[in-house]
1. Hey, any hits in region 257-273 for a residue that's of a type in the set (Gly, Ala, Ser), closer than 24 Å to Ser194 by Cβ, part of a helix (DSSP H, G or I) and at pLDDT below 95?
2. For region 200-217, which positions are among the aliphatic types (A, V, I, L, M) and within 24 Å of Asn252 (Cβ to Cβ)?
3. Among the candidates Asn279, Asn253, single out the residue that is at pLDDT below 95 and either under 29 Å from Thr91 (Cα atoms) or within 16 Å of ligand 1 (Cβ to nearest atom) (or both).
4. Just give me the residues in region 232-279 being more than 19 Å from Phe59 (Cα to Cα), more than 15 Å from ligand 2 (Cβ to nearest atom) and in contact (Cβ under 8 Å) with a residue 60 or more places away in the chain, in sequence order.
5. Given (1) at pLDDT below 95; (2) surrounded by fewer than 18 Cβ atoms within 10 Å (Cβ to Cβ); (3) in a helix (DSSP H, G or I), identify the lone condition not met by Glu231.
6. State whether the residues of region 28-42 include one that is part of a loop (DSSP other than H, G, I, E, B) and either within 29 Å of Pro123 (Cβ to Cβ) or of a type outside the set (Ser, Thr, Tyr) (or both).
7. Under 6 Å between Cβ atoms, at least 6 apart or on separate chains: pull out the pairs that start in region 55-74 with a residue that is more than 30 Å from Lys300 (Cα to Cα) and in contact (Cβ under 8 Å) with a residue 12 or more places away in the chain and end on any residue that is among the β-branched types (Val, Ile, Thr) and surrounded by 15 or more Cβ atoms within 10 Å (Cβ to Cβ).
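The values are calculated or read from the model by the stated rules, or taken from the named source; none is laboratory data. Since we're looking at a predicted model, the values are computed, not measured. Methodologically, a virtual Cβ is constructed for each residue, glycine included, from the backbone with ideal geometry; neighbour enumeration extends over all protein chains shown.
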Amino acid sequence: MNRYVVVILLFSCIIITCGQNEHSLNVSHLDKKLQKHHFDIVNELHKPFIDLVKIHQTFHPGGPGDWYANKQEPGQTFYEYKQRKKNEAWTTIYIQKIGQFSPEQEKIVTLVTRYIGAFFQVPVKFTKPIPLEKISPKARRVHPSWGDKQIHTKYILRKILRPRRPKDAIAYIALTSYDLYPRASWNFVYGQASLVNRVGVFSMYRNGDPAESKEMFRLCFSRTAKTATHEIGHMLGIRHCIAFDCCMNGSNNRSESDKHPLWLCPMCLNKVNWFLPFNITKRYDELATILESLGLNQQKFLRKSIKLLDGK
Ligand SMILES: [Zn+2]
Ligand SMILES: [Zn+2]
């Protein structure tokens, strides 16, 4: 079961999708191309982002079944990113819950909402939940082989989110506990987002059962937080990262996405900070505090980042 990322043109908007792909290539010949891209990216960075480079790993393309072998996306420099438009009237991230959530999933949603607020340093609000019955039966299916109940992502983006998007939305993202699919030929997707329309959707369905154990609760949180921030990153116009190990890396399968860090690399942090100016140290501190309260070790990396920024 693979996951792939593809950029497609759809109804004049650019959509980024994560799902399955059956083809893979040998990536060893691509190393030089990646090294040059990494070098170009680092050359673009200024303080304080350049100070962070030393603790971030260079992007590794992974193996034949992994994302980069399948898609070989070109990456996106900071200069390229700055060509996008931003608007000071966009101030808030909105979350649109669709369908039912278990009590433990609800706890994850509350924590992830707090995490998103710290990650992007903006207010996060919920819109009125939409029950599953409101989703057209034509936009739902039971997976023909696996039996999973699934909702069509493009229906959510076009019919649910676009007409309801609040005017001040930086991003308007739907969250569901049901599985997602973007077209009949695909098995599933974890999430899908528009690079230009500020709408996206992601699912908790494949993130594990948080009621199973404390460890599963933490894992479910990490996966949900990672997908949420990754998809919202796309909604801010950020493409997949091939410069560093980063939560904006593409993923082709669960083990690959679990290896990606929760944090942004210096370049992607620079992009988010250009779009939403904030105090970087305060942001790291708030994120570390949340991860610490959950017993997640990743907080140590964020504390280390604060020390670097402080010149220690
Ligand atoms: Zn993506
Ligand atoms: Zn990055």
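1. yes
2. Within region 200-217, Val201, Met204, Met216 qualify.
3. One residue alone meets the criteria, Asn253.
4. Hits for region 232-279 are Met235, Leu276, Phe278, Asn279.
5. (2)
6. From region 28-42, those part of a loop (DSSP other than H, G, I, E, B) are none; that's our starting set.
No, there is no match, as no residue in region 28-42 is part of a loop (DSSP other than H, G, I, E, B) and either within 29 Å of Pro123 (Cβ to Cβ) or of a type outside the set (Ser, Thr, Tyr) (or both).
7. Ala69/Val27; Lys71/Val5
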